[in-house]
Amino acid sequence: MNLGHTFGHAIENAMGYGVWLHGEAVAAGTMLAADLSRRMGWLTDVEVARIHALLSKANLPLEAPNLGVEKYLE
């Protein structure tokens with residue numbers, strides 16, 4: 001249930017609540033989490049591509065805003 005929420009809340013907090021819908025921020029956060037998981041060896045490229053395809057079919061954002069590392073860590 002938390003997949004994407006940690007990054008999603010960081011997006012909402014940095015951009016200001018209401019700029020993106022909660023689900024949009026969580027979708028972009030899910031892609032960030034999937035990419036991080038792939039780089040850590042926890043997901044394969046195929047699994048990340050499947051997540052990307054599913055979110056794309058729902059017309060959700062696939063890329064998170066470039067807020068910089070510090071904003072995401074806040």
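The values are calculated or read from the model by the stated rules, or taken from the named source; none is laboratory data. Just so we're clear, the structure is a prediction, and the values are computed from it rather than from any experiment. FYI the Cβ positions are ideal-geometry reconstructions off the backbone, even for glycines, and counts take in every protein chain you see. Each accessible area value is taken on the protein alone, full model and side chains, heavy atoms only, with ligands, DNA and RNA left out. Shrake-Rupley method; radii C 1.70, N 1.55, O 1.52, S 1.80 Å.
Listing for the model above:
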item	result
The chain - accessible surface per residue (Å², probe 1.4 Å)	69 Å²
Sum of -39500 (n - 2.57) over DSSP H runs of 4+, divided by residues of the chain (222 nm, nearest 500)	-19500 deg cm²/dmol
Accessible surface, 1.4 Å probe, highest first, among residues M40, M15	M40, M15
Where a label projected 7 Å from the Cα of M15 along Cα→Cβ would reach, residues of segment 51-66 with amide N under 14 Å	60-66
Selection from V19, T6, H52, by position along the positive dipole direction of the chain (Cβ)	H52
Contact order normalised by residue count of the chain, Cα under 8 Å, 6+ apart, percent	37 percent
Cα-based helix-to-principal-axis angle, 5-15 vs the chain, degrees rounded to 10	40 degrees
Which label in (1) 0.96; (2) 1.04; (3) 1.10 gives the computed Rg/Rh (Cα atoms, Kirkwood Rh)	(1)
Accessible area of H5 in the full protein assembly, 1.4 Å probe (Å², nearest 10)	50 Å²
Linear extension gain, L3 paired with L73, 0.36 nm per residue minus alpha-carbon span	23.5 nm
Distance from segment 28-47 to segment 1-18 (C-alpha centre basis), Å	17 Å
The chain: angle of helix 45-57 to the longest principal axis, Cα-based, in degrees nearest 10	50 degrees
Angle in degrees between helix 22-39 and the longest Cα principal axis of the chain, rounded to the nearest 10	50 degrees
Cα centre as origin, Lys/Arg/Asp/Glu Cβ charges: the chain dipole, Debye	180 debye
